Amino acid sequence: MNERTTEVLEQYELEVQSKRRGRGAWICETSQGLKLLREYKGTVKRLEFEEQIMNVLQNQKTCRTDQYMRNREGELLSVAEDGTRCVVKEWFSGRECSVQSEAEVVRAVGQIAKLHRTLRGIAIDESWNCLLYTSPSPRDRSLS
């Protein structure tokens, strides 16, 4: 994907200084800070929904979230010549919570609770219904 990453990143107003692999994505150091480039298989409508939610979280300063970045055309989704669809997100460095540290786990649970309270307070837009519905699992169907 290295050639593809360069091709996709050229669609953004970014000066990439370096890039490295990271859990199914590329982490890019740019003149505008860290960015994450990842292949995307969902719909544009889902991206727009996620962007709205992330904007609420950012505006309410609930927690730092990875915000989608729009390309030069103003789109959330960028397509490589081979048809691969990708997104670029604002990214930040940090380390994962150590499950060996009780204090870190307690702090993480507090953050999740804060996130949950904020998300529950977001008014649901009727246009989201098709994005929020998931079909019942085979196990759920067998219970009815």
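The values are calculated or read from the model by the stated rules, or taken from the named source; none is laboratory data. For clarity, every value in this text was computed on a predicted model and none was experimentally measured. Counting neighbours? That spans all protein chains shown, and the Cβs are built from the backbone with ideal geometry, glycine included. Just so you know, the surface numbers come from the protein's heavy atoms only, side chains and all, with ligands and any DNA or RNA stripped out. Shrake-Rupley method; radii C 1.70, N 1.55, O 1.52, S 1.80 Å.
Descriptive notes on the structure:
- Estimated purely from DSSP H runs of n ≥ 4, each contributing -39500 (n - 2.57), the mean residue ellipticity at 222 nm for the chain is -11000 deg cm²/dmol once divided by its residues.
- Electrostatic bookkeeping for residue 16 treats Lys and Arg as +1 and Asp and Glu as -1; over the other residues with beta carbon under 14 Å from its beta carbon, the sum is -2.
- Each label was represented as a point 7 Å from its Cα along the Cα-to-Cβ direction; for residue 107 and residue 54 these points are 2.4 nm apart.
- Shown here for the stretch 1-57: trypsin sites (Lys or Arg not before Pro) in loop regions (DSSP other than H, G, I, E, B) with at most 12 other Cβ atoms within 10 Å, namely 23, 41.
- Label-to-label distance, nm, for residues given as residue 67 and residue 34 (7 Å Cα→Cβ offset): 1.7
- Taken as entire DSSP H runs, the helices of the chain never both span 24 Å or more between Cα atoms along their own long axis and average 1.0 or more on the Kyte-Doolittle scale.
- Under-21-angstrom lysine pairs by C-alpha in the chain, whenever the two are 8 or more apart or on separate chains: 8
- When chymotrypsin sites (Phe, Trp or Tyr not before Pro) are flagged only if DSSP places them in a loop and at most 12 other Cβ atoms lie within 10 Å, the longest unflagged stretch of the chain comes out as 1-91.
- Candidates 100, 60, 52, ranked by Gaussian network fluctuation over the chain, Cα under 10 Å, top entry: 100
- For the chain, the equivalent ellipsoid derived from the Cα gyration tensor has semi-axes of 28, 23, 17 Å, listed largest first.
- Whole-Hz couplings from phi, Karplus 6.51/-1.76/1.60, listed for the stretch 32-39; x for Gly and Pro: 9, x, 6, 10, 10, 10, 9, 5
- Solvent-accessible area per residue, Å², over the chain with all protein chains present [probe radius 1.4 Å]: 69
- Restricting the stretch 68-104 to GluC sites (Glu not before Pro) that sit in a DSSP loop and have at most 10 other Cβ atoms within 10 Å of their own Cβ leaves 73, 81, 96.
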